[in-house]
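Colleague: One structure, pasted below without further comment.
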């Protein structure tokens, strides 16, 4: 599960991960690793106001399912067993990602300007 403040798995391996203080503020530049734009890889320089921190939260459809009389007539134990069987070979992280995902990315000014106008990439 991705906990509050963690970066998603798709973070470039060379990108610096922010360190959090007790108050939740991100601190950059604490070691020699550069902070990179997650889109183009450009080195970002904290304190210059030249990049954006973008937080993305994805939540599966939160509306209650439509339940019919036929659904209510089903054998609930058998239905639960069928669902559990489907989940057996799926990791807890993959199951959680199907319901909720939160990530933080860093974008340089140029990439942010392009991304914000078309975040879905159409």
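Where a number appears in this text, it was derived from the coordinates with a stated rule and is not lab data. As the structure is a prediction and not an experimental result, all values here were calculated from the model. Don't worry about glycine lacking a Cβ; one is built from the backbone with ideal geometry, like all the others, and counts go over all protein chains shown.
Colleague: Give me the mean projected area, in nm² to one decimal, of the convex hull enclosing the Cα positions of the range 39-122.
Modeller: 9.2
Colleague: Residue 82 to residue 118: extension gain in nm, 0.36 nm per residue of separation minus the Cα-Cα distance?
Modeller: Computed gain between residue 82 and residue 118 is 9.0 nm.
Colleague: Rank these for me by crowding, 40, 108, going from fewest to most other beta carbons within 10 Å.
Modeller: 40, 108
Colleague: Starting with the fewest neighbours, write out 71, 89, 97 ranked by other beta-carbon atoms found within 10 Å of each beta-carbon.
Modeller: The order, fewest Cβ neighbours first, is 89, 71, 97.
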